[in-house]
Amino acid sequence: CKCNCISFIFISLGTGSNILSALQDLFWLLKSKAEKQLQIISVLQWVLTFLIMGIACTLILMYILCTDCWAIAALYLAWLVFDWNTPKKGGRRSQWVRNWAIWRYFRDYFPIRLVKTHNLLTTRNYIFGYHPHGIMGLGAFCNFSTEATGVSQKFPGIRPYLATLAGNFRMPILRDYLMSGGICPVNRDSIDYILSKNGNGNAIIIVVGGAAESLNCTPGKNSVTLKNRKGFVKLALRHGADLVPVYSFGENEVYKQVIFEEGSWGRWVQKKFQKHIGFAPCIFHGRGLFSSTTWGLLPYSKPITTVVGEPITIPKIDNPSQKDVDFYHRIYVDSLIRLFDKYKSKFGLPETEVLEVN
């Protein structure tokens, strides 16, 4: 009888252990699934912000003006007029917004990683040239407009400002949302202010290829639009701001795009939009909301690794000549190519891969 009791106890303990193990596995599975859903939600909200938030907020504000709550909209519009030039003067960043937990889920969806190769002096100002643009510049946003990848810890004392289309700052609500992340207009007034009247330790991130480069981004292709993009070099010379090449491996992998050939009607339409509005409409797709095998607006969860290269010391020249601009532009292009060649094999590209500079 005693032996039977002992056997029963051991069997019970074994069964309890199996149940506990099963419960732990179930808890881990549920937690993992919940985290994945939060990652999808965090990315979806940014995609919708990028595509429709400006227009949606404008329409909602116009609607409120026609309702009994018109005073709320009127007050905001009055504030908008008063605050109109704030984006041109460094904006209004919020460390609270930059540290939102949602950005960590955004980071982990891909995942996105920031790699530092050299220290940056807080006594200097910088212009980061970000390449490639991709469809939405997801790596640029996550790394420099949030603290998800630890940009402030990796570059202590440096304030990053991601520059984007000035038209975004004419949109109600959207402008305030962008400014809270340290995003500024990519125009001369804004850049001049940050580099000359905002002290030292500023880093303006310019996606040099812009809309033209986004038209050619496609998985498996590493090309940048840079040969005739020299305005950022001239700005660096006028302010004595050091140039820093930045390459984001994987930026072109997260969306698939229909590429129109030069001379086709589709490319003609895209170029007209780019010339008159500032952006080029792309026909692209990612994965679906509920399945990775269907088409949708969510980007594919491919790793994006952003490598910040060695700063190029730039002298201050109030009126740089074209010869000066061309000289430092060549140095910058060579530095970007060396950065790409040095890290390409570490992030999944073959040694034979060549960066195409257009």
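The values are calculated or read from the model by the stated rules, or taken from the named source; none is laboratory data. These numbers come from a predicted model, not from an experiment. When we count neighbours, we look across all protein chains shown, and the Cβ atoms used for this are built from the backbone with ideal geometry, even at glycine. These accessible areas exclude ligands, DNA and RNA; they are computed on the full protein's heavy atoms, side chains included. Shrake-Rupley method; radii C 1.70, N 1.55, O 1.52, S 1.80 Å.
Structure summary
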item	result
Extreme residue, most open to solvent (accessible area, probe 1.4 Å), among residues of segment 174-206 that are in a helix (DSSP H, G or I) and polar (S, T, N, Q)	Ser196
Residues satisfying the stated conditions in segment 233-269, i.e. farther than 30 Å from Ser335 by Cβ and either of a type in the set (A, V, I, L, M, F, W, C) or in contact (Cβ under 8 Å) with a residue 24 or more places away in the chain (or both)	Lys256, Val258, Phe260, Trp265, Arg267, Trp268, Val269
Segment 314-341, residues that are more than 30 Å from Glu351 (Cβ to Cβ) and not hydrophobic (A, V, I, L, M, F, W, C)	Pro315, Lys316, Asp318, Asn319, Pro320, Ser321, Gln322, Lys323, Asp324, Asp326
Test result for Ala212, closer than 30 Å to Asn99 by Cα, touching a residue at least 12 places away in the same chain (Cβ under 8 Å) and part of a helix (DSSP H, G or I)	no
So Val81, is it open to solvent by 10 Å² or more (accessible area, probe 1.4 Å), under 28 Å from Arg287 (Cβ atoms) and β-branched (Val, Ile, Thr)	no
Options Ser223, Ser264; residue that is among the hydroxyl-bearing types (Ser, Thr, Tyr) and either under 22 Å from Pro299 (Cβ atoms) or at pLDDT 95 or above (or both)	Ser223
Selected residue (only one of Thr49, Thr146 is touching a Phe, Trp or Tyr at 6+ places or on another chain (Cβ under 8 Å), in a helix (DSSP H, G or I), open to solvent by less than 40 Å² (accessible area, probe 1.4 Å) and not aromatic (Phe, Trp, Tyr))	Thr49
Qualifying position, being among the hydroxyl-bearing types (Ser, Thr, Tyr) and assigned to a loop (DSSP other than H, G, I, E, B), among Thr67, Thr58	Thr67
Some residue of segment 320-331 being over 28 Å from Phe50 (Cβ atoms), in contact (Cβ under 8 Å) with a residue 12 or more places away in the chain and outside any helix (DSSP H, G or I)	yes
Residue selected from segment 149-173 under the condition of a type in the set (A, V, I, L, M) and within 15 Å of Phe279 (Cβ to Cβ), by the criterion least open to solvent (accessible area, probe 1.4 Å)	Ala163
Condition broken by Ser291, with the remaining ones in (1) at negative phi; (2) touching a helix residue (DSSP H, G or I) at 6+ places or on another chain (Cβ under 8 Å); (3) of a type outside the set (A, V, I, L, M); (4) assigned to a loop (DSSP other than H, G, I, E, B) satisfied	(2)
Residue satisfying all of: in segment 276-289; within 23 Å of the chain's Cα centre (by Cα) and at pLDDT below 80; surrounded by the fewest Cβ atoms within 10 Å (Cβ to Cβ) among these	Ile277
Selected residue [over 20 Å from Ser223 (Cα atoms), buried (at least 17 other Cβ atoms within 10 Å of the Cβ) and hydrophobic (A, V, I, L, M, F, W, C)] from Val269, Val325	Val325
Condition check for Ser196: touching a residue at least 24 places away in the same chain (Cβ under 8 Å) and either farther than 28 Å from Phe110 by Cβ or in contact with a Pro (Cβ under 7 Å, 6 or more places away or on another chain) (or both)	yes
Selection count where residues are open to solvent by less than 60 Å² (accessible area, probe 1.4 Å) and either assigned to a strand (DSSP E or B) or β-branched (Val, Ile, Thr) (or both), scope segment 332-358	3
Segment 246-266, residues that are of a type in the set (Phe, Trp, Tyr), open to solvent by 20 Å² or more (accessible area, probe 1.4 Å) and not in a helix (DSSP H, G or I)	Phe260
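Quick grid of which residues meet (1) farther than 20 Å from Val47 by Cα; (2) open to solvent by 60 Å² or more (accessible area, probe 1.4 Å); (3) under 18 Å from the mean Cα position of the chain (by Cα):
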position	(1), (2), (3)
Val224	yes, no, yes
Lys234	yes, yes, no
Ala241	yes, no, no
Val244	yes, no, yes
